[in-house]
């Protein structure tokens, strides 16, 4: 088991009252799983992803990733944990516009102790893996949306994470490109044995997972 | 890829923002460097002029009257000549020349003349104390003015108005002031009988318009013998560096010779002090302005930059950049801004000083290398100060700003 959430709750205070974004969410994810989290808009999918990554604090409950307790960990420990164990793939790609494809892939390594050449080689291998070796010196605006997402996936892999958290990775892509990206994620999941937790509102994308979680008003359905 | 490269690439992306952010700091530094470049030259020029006035500190016995600086030594009580050695031995910075004197009024024929015994330079420099103190040669005559040559070129061009050091004076020789020579009707080569001893007039001094015109100068030890006051002097004149006087040389001398009265020409010191104060005040005012305006400008630039990059910073936090790394990135950026601002400001300020110096102070201004360090220190300090709050706020940006929904 790589991830376990127990009675996870997240409440927001609003002037109109308390909003329960997550309510007693408990589930387990095994190593190598491809978990898809589906649900209507506002059902708490991304909140769940953020809480798992330690990017927001849960109101109660427990989150354990590979034995590391996300709740209550300091900012420094959480940052360090994310750097070493988690890769992120976002709907908006979140690439830095002034960095080339290979520089964007190397970005998480900027705070690692690897040598310059090692960082470059690692990033280059990953760009090869996502078929973008020939675009390594291209800026994001010189790449198509699908290519940008592939760069983002390569960046998510550069620290050899144990868990990839993907938030609507195909949300900005057309169906053909979406399928390509999902196939790439599946390939990574199967070949690299990396666990993937993917938030999606697309039933088609959800089919790529071997385990499905459906959220409804913050609770598991 | 490392933090330094990331900061640099981001800089290149926002070149125009960088220039506008740097404008205030560059201009501020340029103004400070410009003022300082001109004021350093101007202070030196003032020092040269003041030094040309001659000795500016007088060491007198406690009981003497100092109502008139220029005649305070006449008929004054005496102090031991050995006090000269004490001053030399103290090795005080800013004591550029010493002249012990014994002055008494005396009758020559029907005229009352002021007779002053002086020690020529060649005898002062031969004292063992001078050799121990290392104040020989050029150092003896050095002053706060840059060089002796500069003294002459920048000071009084009329040689008559320059008070010169007497290099040598024989035991049977005398120097006669311009007015005294007229009164006594003597010229160079004539003999003069003073208190029963014959002296040859070695030189009639040029008219200076001071009390020196009425004096006759003989060797100090001869004067001591004539007046029967061995090893005593009525005053020690000191040529003190003007800057050193304004920085407390008089007090230090009083510590060396506590049983004497030490005075100076008030207006000389006050002129120097006022000049220094004015220049320092102007520089200080600009320093305060630059800290406020430059700091706010840099802070504003950093804050705008951070606001524009909130998503980017959020993403960096998400992929594992902790708050310290974010602070480091922001402060590195401020450091680079400070270095660029300091160097560009120094260059512009120096050029402005070189251009405006001759117009404003009538003096040629040269680049002052030491100002580059001060420029960098101020610029970096102001940039880091201005970037502190924005950097702190950047560190507090929540990583989830990038996520699709919350």
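The values are calculated or read from the model by the stated rules, or taken from the named source; none is laboratory data. Note that the structure is predicted; figures quoted are calculated from it, not measured. We place every Cβ from the backbone using ideal geometry, glycine too, and count neighbours over all the protein chains shown.
Among the residues of region B:188-201, those that are surrounded by fewer than 18 Cβ atoms within 10 Å (Cβ to Cβ) and more than 20 Å from residue B:74 (Cα to Cα) comprise B:188, B:189, B:190, B:191, B:193, B:196, B:197, B:198, B:200.
Scanning region B:198-233 for residues that are modelled with pLDDT of 90 or more and either out of contact with any strand residue (DSSP E or B) (no Cβ under 8 Å at 6 or more places or on another chain) or part of a loop (DSSP other than H, G, I, E, B) (or both) turns up B:225, B:227, B:228, B:229, B:230, B:231. Looking at residue A:56, is it within 18 Å of residue A:79 (Cα to Cα), within 14 Å of chain B (Cβ to nearest Cβ) and in contact with a helix residue (DSSP H, G or I) (Cβ under 6 Å, 6 or more places away or on another chain)? Criteria met by residue A:56.
If you take the residues of region A:48-58 that are at negative phi and part of a loop (DSSP other than H, G, I, E, B), which of them is surrounded by the fewest Cβ atoms within 10 Å (Cβ to Cβ)? Only one residue fits best here, namely A:57.
What number of residues within region A:24-41 are within 15 Å of residue A:217 (Cα to Cα) and either surrounded by 15 or more Cβ atoms within 10 Å (Cβ to Cβ) or touching a strand residue (DSSP E or B) at 6+ places or on another chain (Cβ under 8 Å) (or both)? The number of residues fulfilling the criteria is 7. Select, from B:20, B:42, B:16, the only residue that is part of a helix (DSSP H, G or I) and under 30 Å from residue B:240 (Cα atoms). Criteria check complete, one pass: B:42.
Would it be correct to say that residue A:30 is in contact (Cβ under 8 Å) with a residue 12 or more places away in the chain and on the phi > 0 side of the Ramachandran plot? Judged against the criteria, residue A:30 is not a match.
Scanning region A:99-136 for residues that are in a loop (DSSP other than H, G, I, E, B), modelled with pLDDT of 90 or more and either within 25 Å of residue B:317 (Cβ to Cβ) or out of contact with any helix residue (DSSP H, G or I) (no Cβ under 7 Å at 6 or more places or on another chain) (or both) yields A:99, A:100. The set of residues from region A:156-191 being out of contact with any strand residue (DSSP E or B) (no Cβ under 9 Å at 6 or more places or on another chain) and assigned to a helix (DSSP H, G or I) comprises A:175, A:176, A:177, A:178, A:179, A:180, A:183, A:184, A:187, A:191. Can you spot a residue in region A:144-155 that is away from chain B (no Cβ under 13 Å), surrounded by fewer than 17 Cβ atoms within 10 Å (Cβ to Cβ) and assigned to a helix (DSSP H, G or I)? Checked region A:144-155: at least one residue is away from chain B (no Cβ under 13 Å), surrounded by fewer than 17 Cβ atoms within 10 Å (Cβ to Cβ) and assigned to a helix (DSSP H, G or I). Checking B:295, B:349 one by one, the residue that is away from chain A (no Cβ under 12 Å), assigned to a helix (DSSP H, G or I) and modelled with pLDDT of 85 or more is B:349 and no other.
In region B:317-326, of all residues being outside any helix (DSSP H, G or I) and surrounded by 22 or more Cβ atoms within 10 Å (Cβ to Cβ), the one that is nearest to the other protein chains (Cβ to nearest Cβ) corresponds to B:320. Just one of the listed residues (A:44, A:72) is on the phi > 0 side of the Ramachandran plot, at pLDDT below 90 and within 14 Å of another protein chain (Cβ to nearest Cβ), and it is A:44.
With the structure loaded, tell me whether residue A:50 is within 28 Å of residue A:205 (Cα to Cα) and within 10 Å of another protein chain (Cβ to nearest Cβ) or whether it fails that test. It is true that residue A:50 is within 28 Å of residue A:205 (Cα to Cα) and within 10 Å of another protein chain (Cβ to nearest Cβ). For region B:327-336, name all the residues that are crowded, with 21+ Cβ neighbours inside 10 Å and at the interface with chain A (Cβ under 10 Å from one of its Cβ atoms). If the condition is that a residue be crowded, with 21+ Cβ neighbours inside 10 Å and at the interface with chain A (Cβ under 10 Å from one of its Cβ atoms), then B:329 is the only one that fits.
Candidates in region B:172-197 are the residues that are under 36 Å from the mean Cα position of the chain (by Cα) and assigned to a strand (DSSP E or B); of these, the one that is farthest from residue B:82 (Cα to Cα) is B:176.
If you go through region A:59-87 and keep only what is loosely packed, with under 14 Cβ neighbours inside 10 Å and in a helix (DSSP H, G or I), you end up with just A:76. What residue, of B:386, B:362, B:341, is free of Cβ contacts under 8 Å to residues at least 12 places away in the same chain and either surrounded by 18 or more Cβ atoms within 10 Å (Cβ to Cβ) or not in a helix (DSSP H, G or I) (or both)? Being free of Cβ contacts under 8 Å to residues at least 12 places away in the same chain and either surrounded by 18 or more Cβ atoms within 10 Å (Cβ to Cβ) or not in a helix (DSSP H, G or I) (or both) holds for just one of B:386, B:362, B:341, which is B:362.
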